[in-house]
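Input: a single structure, listed below in structure tokens.
The values are calculated or read from the model by the stated rules, or taken from the named source; none is laboratory data. Keep in mind that this is a model prediction, so the values were computed, not measured. When we count neighbours, we look across all protein chains shown, and the Cβ atoms used for this are built from the backbone with ideal geometry, even at glycine.
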Amino acid sequence: MTDRPWLSGWKLTLARILALAAVIGITVLVFSLRDQAAKLQSYGYPGIFLLSLLANSTLILPAPGIALTFAFGAIAAGAGAALGELTGYLAGFSGQAVVEDSRIYTRLTDWTNRNGGWAILILAFIPNPFFDIAGAAAGALKMPLLKFLSWTLCGKILKMLVIAYAGSASLDWLLNLFPSVR
């Protein structure tokens, strides 16, 4: 009896191809629907969850999200953001060399390899355009999916809490600046 993992050989190749196709399909779909994403805010917490999921499901291409976050629930936004980041992870898992030759990818892969989940949490918490690359690095390193998702969820929720608090504080500050508006 051998210790061959279930996902190897042609099954691994097929899984990688399907993951890459899913990433490309999701990115194209979300980018094409980006103008209608703002309508989701009228659905409360489920809407902000979906908005955050869509905004974070794209690879590299921008979609709205952070500007509306302070007005909604940070936990729902963080959960949606974490699930949306699975596209970067799947891109890395698929073995697609989209960013493999870049210096930032190499540095993020080394840092993630050394620090594991803590690297993912920190990168998920800090607003930066490199989290897709960090997700791809985690996927390429075969970080367990639940581990990646857990650390990403923690980082995204913390980030959304800071954004929500900052939005609330700035709104209070503005209202105190103009007391006649109240």
- Taking the condition of a type in the set (Asp, Glu), within 23 Å of residue 123 (Cα to Cα) and modelled with pLDDT of 75 or more, does residue 85 pass? yes
- Listed residues 147, 142; which is out of contact with any Pro (no Cβ under 8 Å at 6 or more places or on another chain) and not in a helix (DSSP H, G or I)? 142
- Task: Give just the number: which of (1) at pLDDT below 65; (2) closer than 26 Å to residue 138 by Cβ; (3) surrounded by fewer than 21 Cβ atoms within 10 Å (Cβ to Cβ) does residue 71 not satisfy?
- Result: (2)
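Every residue, every condition in (1) buried (at least 16 other Cβ atoms within 10 Å of the Cβ); (2) out of contact with any Lys or Arg (no Cβ under 9 Å at 6 or more places or on another chain); (3) at pLDDT 85 or above, yes or no:
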{"residue": "89", "(1), (2), (3)": "yes, yes, yes"}
{"residue": "96", "(1), (2), (3)": "yes, no, no"}
{"residue": "101", "(1), (2), (3)": "no, yes, no"}
{"residue": "104", "(1), (2), (3)": "no, yes, no"}
{"residue": "109", "(1), (2), (3)": "yes, yes, no"}
{"residue": "117", "(1), (2), (3)": "yes, no, yes"}
{"residue": "124", "(1), (2), (3)": "yes, no, yes"}
- Report yes if residue 31 is in a helix (DSSP H, G or I), aromatic (Phe, Trp, Tyr) and at pLDDT 70 or above, otherwise no. no
